[in-house]
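Working notes, structure below.
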Ligand code: SF4
C-alpha cells in the first residue's frame with residue numbers, strides 16, 4: 001500500500017480560557033478532540049460541520065499555523081510536529097491555505113502583483129525581476145485574471161476575483177496540499193460554483209490534494225473524494241463521498257444531509273431539525289458529544305460511554321453506539 005500524503009493521528013487542540021486579575025487559565029476550549037484521518041495524494045477530503053466544530057482549527061494545526069496540543073501530523077512520511085523552524089519554513093511551500101474571507105485576507109495596501117509575489121520573494125523562487133513578473137502574470141492567467149490586474153489593489157476587485165487572487169497566491173509556491181478554509185462561504189451563490197470549478201480544474205492540472213472545509217454538505221458534494229463530518233471537535237463519520245450522500249449512518253450526518261437541496265423537484269426529503277444549539281466546547285457533553293441533540297439517543301448508554309469510530313463497510317467509519 002502506498003504511503004498517504006498526509007496522516008493525522010489523534011490530533012488534539014485545546015485553547016486556554018484565561019480569567020482573574022492574574023490572567024490564569026480558568027478553563028479550556030476543547031476545539032479538536034482526537035481527530036485522525038489519512039489523505040492520499042490527489043484526493044479531496046471535505047471537512048464539514050457547524051461553526052465551532054473544530055474543522056478550521058484542524059486545518060490550521062495541519063499547516064502548523066496553530067500549535068497542536070498533542071497528536072501527530074505526518075506529511076510525506078515526516079511528523080511535522082517534530083520539525084524545527086527551518087524545516088517548517090520549507091514545509092510551507094508544500095502546504096498552503098486559501099482563506100474564507102477574500103476581503104480580509106488580502107492586504108489592502110499591496111498591489112495584487114506584490115501579494116502574489118510575496119511568497120516568490122520569501123522562498124527565492126525568481127532569479128530576476130523579469131522572471132518574477134512573468135511568474136505573477138502566469139499565476140494571474142491560471143486563475144482567470146489578466147496581466148493588467150497586476151498593478152491594481154484588492155478593493156478594485158469583486159469578491160470572486162479576490163478569491164481568485166487568494167488562490168493565485170497559494171499556487172505561487174507550487175504546493176502539494178491546499179487547505180481550502182470555507183473558500184466560497186463569503187461569496188454569492190452564483191459565484192460559488194465558478195470558484196469550486198476553478199479549484200477542480202487546478203487540482204487536475206497541478207495534481208493538488210485538498211482539504212475542503214465547509215459548514216454544509218452541499219458545498220463539498222461535487223468536489224470531495226471523501227467527506228468527514230465533525231461535531232464538537234470529533235470526526236463522527238467519514239466515508240467516500242458517494243457513500244456518505246446515499247447511505248449516511250450517523251444521525252448528525254442525516255440531519256446535515258436533510259438540509260441539502262435536491263435538484264429533482266419530484267424527490268421529497270424530510271428536513272430533520274435538530275433541537276438546541278451546539279453545546280459549548282468548554283464543557284462538551286459526556287459520552288457521545290451529540291447525545292444532547294440526538295433524535296435516537298439511548299440513555300444512559302449515549303450519555304456515559306464515548307462511541308469509538310468503527311468501520312461499517314469499506315472506508316465508511318462511524319462513531320455511534322447504535323449505527324454501523
Ligand atoms: Fe445518538 Fe447515541 Fe449514536 Fe450518539 S451514540 S449519535 S447519542 S445514538
For the stretch 79-97, the count of residues that are farther than 21 Å from residue 209 by Cα and not in a helix (DSSP H, G or I) equals 2
Can you spot a residue in the stretch 86-99 that is more than 29 Å from residue 192 (Cβ to Cβ) and either touching a helix residue (DSSP H, G or I) at 6+ places or on another chain (Cβ under 8 Å) or surrounded by 17 or more Cβ atoms within 10 Å (Cβ to Cβ) (or both)? yes
- request: Could you tell me whether any residue of the stretch 134-147 is over 22 Å from the mean Cα position of the chain (by Cα), surrounded by fewer than 20 Cβ atoms within 10 Å (Cβ to Cβ), touching a residue at least 60 places away in the same chain (Cβ under 8 Å) and in a helix (DSSP H, G or I)?
  value: yes
Residue 155 meets each of (1) in contact (Cβ under 8 Å) with a residue 24 or more places away in the chain; (2) in contact with a helix residue (DSSP H, G or I) (Cβ under 8 Å, 6 or more places away or on another chain); (3) at negative phi with one exception, condition (2)
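Residues to consider are 205, 176; find the one that is in contact with a strand residue (DSSP E or B) (Cβ under 8 Å, 6 or more places away or on another chain) and either surrounded by 20 or more Cβ atoms within 10 Å (Cβ to Cβ) or farther than 14 Å from residue 116 by Cα (or both).
Numbers: 205 fails: in contact with a strand residue (DSSP E or B) (Cβ under 8 Å, 6 or more places away or on another chain).
The conditions single out 176.
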Of the candidates 262, 235, 272, the one satisfying the condition of being within 16 Å of the ligand (Cβ to nearest atom) and at pLDDT below 95 is 272
If we keep only residues of the stretch 242-262 that are free of Cβ contacts under 8 Å to residues at least 12 places away in the same chain and part of a helix (DSSP H, G or I), then the residue farthest from the chain's Cα centre (by Cα) is 246
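Would you pick out the residues in the stretch 300-314 that are in a loop (DSSP other than H, G, I, E, B), more than 7 Å from the ligand (Cβ to nearest atom) and modelled with pLDDT of 95 or more?
So in the stretch 300-314, the residues in a loop (DSSP other than H, G, I, E, B) come out as 300, 305-309, 314.
Those still in the list that are more than 7 Å from the ligand (Cβ to nearest atom) too: 300, 305-306, 308-309, 314.
Within the stretch 300-314, 300, 305, 306, 308, 309 meet the criteria.
For residue 50, state whether it is touching a helix residue (DSSP H, G or I) at 6+ places or on another chain (Cβ under 8 Å), surrounded by fewer than 19 Cβ atoms within 10 Å (Cβ to Cβ) and touching a residue at least 40 places away in the same chain (Cβ under 8 Å). Before you say what the answer is, go through the steps one by one.
Values: touching a helix residue (DSSP H, G or I) at 6+ places or on another chain (Cβ under 8 Å): no; surrounded by fewer than 19 Cβ atoms within 10 Å (Cβ to Cβ): yes; touching a residue at least 40 places away in the same chain (Cβ under 8 Å): yes.
Taking the combined requirement at face value, the residue does not satisfy it.
The values are calculated or read from the model by the stated rules, or taken from the named source; none is laboratory data. All values derive from a computational prediction rather than experimental measurement. Ideal geometry is used to build each Cβ from the backbone, glycine not excepted, and the neighbour counts take in all protein chains shown.
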